[in-house]
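Reviewing the structure listed below.
The values are calculated or read from the model by the stated rules, or taken from the named source; none is laboratory data. The structure presented is a predicted model; accordingly, all values stated were derived computationally and were not measured. Positions of Cβ are backbone-derived with ideal geometry, glycine not excepted, and every protein chain shown enters the neighbour counts.
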């Protein structure tokens with residue numbers, strides 16, 4: 001019993017000695033690591049400052065590149081590019097004497113050496129605070145920015161206006177679009193603002209998207225060197241056009257039955273739906289107002305035709321050609337609305353009213369199809385006889401074989417629709 005107590009006491013003293021020894025060792029290790037810990041904290045603080053400064057420096061380089069490129073875009077003056085870039089840096093409080101500033105036109109970067117573009121390179125020493133304890137000299141921050149002048153080369157014949165929707169311009173279901181003599185644009189900033197999916201394909205002079213493009217490998221260009229993403233949206237080219245006044249006091253007309261299978265529409269106002277199953281003729285040279293009424297062809301054998309006509313749709317009026325019949329209609333080349341074939345009033349026609357235009361391969365539509373508030377599902381004709389067809393709508397879904405052309409739009413008195421020129425950052 002006595003020996004047991006003695007052994008226990010010895011064990012306790014040894015354990016206490018070991019504990020005291022480990023505490024001392026921990027203190028020594030901590031003392032040795034303390035400078036490293038301090039240095040790490042100091043470096044972390046400085047790195048945070050450097051990162052913040054790097055973002056500011058990149059912003060300044062971007063602004064300087066944009067200023068130089070814009071100077072070239074507006075004035076075509078090589079001599080003033082450098083002054084414009086340096087002047088912007090100076091005006092924004094950047095110390096030119098404490099940095100190295102290089103401005104290049106054309107850019108040194110090989111990828112952009114053949115572009116209309118300005119490259120700005122900035123080098124700026126970064127301050128040392130805590131890191132000065134172990135760094136011999138100030139670190140150098142380098143940044144580069146390239147701004148590109150973009151000029152459209154081909155007018156547009158298809159323009160989808162919606163700025164936010166996915167697939168504002170959408171080819172699906174095996175659609176085949178041929179617009180080799182003009183361009184197309186989606187104004188949507190969505191990453192898939194223009195979409196070519198499935199077995200669909202597009203042949204176009206040029207392709208522009210304010211956002212991104214899904215399925216670029218399905219697109220063949222005939223005029224431009226490359227597909228253009230992140231391009232500035234094209235403003236609605238007909239936003240200033242309004243429908244004629246006094247429509248509400250016009251008498252409402254009804255179609256004339258010309259035999260068993262033929263309808264004839266005189267120029268004027270229609271307040272009730274017009275449904276054709278076979279031959280529907282529009283008076284040559286007429287102006288038609290579908291006031292809360294729908295013009296619809298409901299048979300594959302239907303034939304809608306009329307020359308030198310203008311069709312206005314207002315107060316919810318619309319057109320529906322869902323069955324694949326034949327269309328042969330052309331716009332006037334004279335009067336107050338030259339070149340306008342179909343015009344949906346953006347003031348009175350709701351955006352919930354979709355439009356479906358389906359024509360067979362021999363269909364001819366010459367003029368502007370304008371539906372700024374509507375989704376248009378189009379599988380119209382691809383006849384080589386069409387000399388000018390433009391489609392402007394909020395959203396456009398192409399589902400069949402279609403062709404658009406800019407061949408003789410000036411002869412119809414139509415407006416040329418051009419994607420805007422401008423300056424963008426290459427990094428965008």
Residue count for segment 189-210, restricted to those that are within 26 Å of residue 359 (Cα to Cα) and either outside the structural domain of residue 396 (by TED's automatic domain parsing) or assigned to a strand (DSSP E or B) (or both): 10
Those residues of segment 330-361 which are free of Cβ contacts under 8 Å to residues at least 12 places away in the same chain and in contact with a strand residue (DSSP E or B) (Cβ under 6 Å, 6 or more places away or on another chain), in sequence order: none
Leading residue by the ranking (nearest to residue 364 (Cα to Cα)) among those in segment 301-314 that are within 36 Å of the chain's Cα centre (by Cα) and part of a loop (DSSP other than H, G, I, E, B): 307
Selection count where residues are farther than 17 Å from residue 377 by Cα and surrounded by 22 or more Cβ atoms within 10 Å (Cβ to Cβ), scope segment 188-210: 7
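Quick grid of which residues meet (1) part of a helix (DSSP H, G or I); (2) on the phi < 0 side of the Ramachandran plot; (3) touching a residue at least 40 places away in the same chain (Cβ under 8 Å); (4) in the same structural domain as residue 127 (by TED's automatic domain parsing):
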position: 51; (1), (2), (3), (4): yes, yes, no, yes
position: 57; (1), (2), (3), (4): yes, yes, yes, yes
position: 64; (1), (2), (3), (4): yes, yes, yes, yes
position: 68; (1), (2), (3), (4): yes, yes, yes, yes
position: 77; (1), (2), (3), (4): no, yes, no, yes
position: 82; (1), (2), (3), (4): yes, yes, no, yes
position: 89; (1), (2), (3), (4): yes, yes, no, yes
position: 94; (1), (2), (3), (4): no, yes, no, yes
Index of the failed condition, residue 124 passing every other in (1) closer than 30 Å to residue 211 by Cβ; (2) in contact (Cβ under 8 Å) with a residue 40 or more places away in the chain; (3) touching a strand residue (DSSP E or B) at 6+ places or on another chain (Cβ under 7 Å): (1)
In segment 335-351, the residues that are assigned to a loop (DSSP other than H, G, I, E, B) and crowded, with 20+ Cβ neighbours inside 10 Å: 337, 339, 345, 346, 349
Flag if residue 174 is in the same structural domain as residue 211 (by TED's automatic domain parsing), part of a loop (DSSP other than H, G, I, E, B), more than 20 Å from the chain's Cα centre (by Cα) and surrounded by fewer than 19 Cβ atoms within 10 Å (Cβ to Cβ): yes
Any hit, segment 321-329, residues being in the same structural domain as residue 370 (by TED's automatic domain parsing), free of Cβ contacts under 8 Å to residues at least 60 places away in the same chain and either touching a helix residue (DSSP H, G or I) at 6+ places or on another chain (Cβ under 9 Å) or not in a strand (DSSP E or B) (or both): no
For residue 264: the one exception among (1) under 26 Å from residue 339 (Cα atoms); (2) crowded, with 17+ Cβ neighbours inside 10 Å; (3) touching a strand residue (DSSP E or B) at 6+ places or on another chain (Cβ under 6 Å): (2)
Test: residue 273 is under 21 Å from residue 358 (Cα atoms), surrounded by fewer than 16 Cβ atoms within 10 Å (Cβ to Cβ) and within 37 Å of the chain's Cα centre (by Cα): yes
Residues of segment 246-291 classified as at negative phi and in a strand (DSSP E or B), total: 22
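Yes or no, residue by residue, for (1) under 23 Å from the mean Cα position of the chain (by Cα); (2) in contact (Cβ under 8 Å) with a residue 60 or more places away in the chain; (3) on the phi > 0 side of the Ramachandran plot; (4) assigned by TED's automatic domain parsing to the domain that holds residue 375:
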residue	(1), (2), (3), (4)
101	no, no, no, no
116	yes, no, no, no
144	no, yes, no, no
165	yes, yes, no, yes
181	yes, yes, no, yes
187	yes, no, no, yes
